[in-house]
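Okay, so here's the structure we're looking at.
The values are calculated or read from the model by the stated rules, or taken from the named source; none is laboratory data. Every value quoted in this text rests on a predicted model; they were computed, and no experiment measured them. A quick note on method: Cβ atoms are made from the backbone with ideal geometry, for glycine too, and the neighbour counts reach across all protein chains shown. The protein model used for the area step is the full one, side chains on, heavy atoms only, and it has no ligands, DNA or RNA in it. Shrake-Rupley method; radii C 1.70, N 1.55, O 1.52, S 1.80 Å.
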Amino acid sequence: MRRLLRAPGWFGDTAARLFARAVPRTLDRYLLAQLLPPFVIALSVVLAALLLERLLVLFNALAQDGSPLSTFVSLLADLLPHYLGLALPAALCVGVFTIVRRMSDNNEVDALLAGGVPLTRIARPFLQAGAWLGVFSVLLFGYIQPYARYDFRLAFYFASHSGWAPHLQGMMFAAPSERLMLTADDASHDGSALSHIFLRDRRQATEQDITAPRGKLSFSADRTEVRLDLWDGLILRDRGDGRPTVTHFDHTIKLISQNAHPAGFRARGVDAKEKTLGELKSFIDAQPPGSDRDHARAELHFRLARALAILFIPALAAALALMAKRRRNSPGLIIAAIVLVGFDHMLQFGQSLVATRHAHPWLMIWLPELVFAVGSTVLLLWRSGWFVGAPRSGARGAHP
């Protein structure tokens, strides 16, 4: 590295300047330390808000199926990459806006501008943080999310097809299989303690009709079957020869299969959202023109555009944070939220047009991306006083 920086000529000078800009200085470290707390808080709040509704739906569905808590935790972990991709841009925008706005209110920005530090220099560590998050987003959108999406669908499939849950409602009929039916007049709140039970079992050659005043549902030791304990009941057996028999019992156990091994789930990659960036590119190159190729092409361009857009969010947030400084109720954050939400919806709309209407991705996806990138950059430069007639934010001078 030292030999590269000491190389004579234009290349060595350029490498030295780039290396000097990449090394964080005192101002950079201060701004990044200020950015970290609001970014983490905003990321946690946005993630919790996005996950809350899905968590309630999952919890209700898994509770009905009697799935263990470990299944719920596994599904939650598979959901995190998807919602993390939505929360990262919002958290970065809120974090940068909060810091720049607070520094502006405390006159820290004015002091820096008076010392010859332009707004672009103040925003530089935020832009670098956006660049690092953009690189991470490429990995997140391109490789982590496809596997997490497939794992979630796989786990939810097996959880919802794992069999019959060990709980029952009173005055309701449960049919765990075509040849088995169970009902009870009353059941406890959790559906495990039953009273006045009737069970019809035709899984074997002899039909069995069982009645009992009380019973209990629970999982077997290996959780592959539901165990039904019955006390003080009667068993009516009908072999089909016209001579049924009746047996009284003190305690009997019936095991109801949980179908622990349902039919296998499909392979990963049937849906374009489950393919990585490399797999999407290979699929596009190998497929003839058609709907599957259009869906894959739209998905590839959509992911790359979303990841690249994160680089320009700090510029937008920093510029809007300084607008109308003396107003306590500045609309800057609201404007930033509207811009980000509108831009994301435009990308999704463009993706759907590319996938279904054979539109070109350069027009429907990358044109809004270009408008967003140029608009954010121009807004930051305008607030920095780079254009004639723009309100001067301070002189472009020495860099600390």
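Annotations
- Counting only protein heavy atoms and a 1.4 Å probe, region 280-388 has 53 square angstrom of accessible area per residue.
- Each peptide among 106-117, 245-256, 274-285 gets the average number of other Cβ atoms lying within 10 Å of its residues, and from highest to lowest they stand as 274-285, 106-117, 245-256.
- Summed over the residues of region 33-148 and divided among them, the accessible surface reaches 44 Å² per residue at a probe radius of 1.4 Å.
- Whether region 90-208 is rounded, prolate or oblate, judged on the alpha carbon gyration tensor where a/c under 1.5 counts as rounded: oblate
- Rolling a 1.4 Å probe over the protein heavy atoms of region 205-253, with every protein chain left in place, gives an accessible area that is 49 percent carbon and sulfur.
- Gain in span if fully extended, TYR147 to VAL341, counting 0.36 nm per residue against the direct Cα distance: 67.2 nm
- List MET172, MET181, ordered by accessible area with a 1.4 Å probe, largest first: MET172, MET181
- At an R0 of 35 angstrom, the distance between the Cβ atoms of HIS196 and SER257 translates into a FRET efficiency of 0.90.
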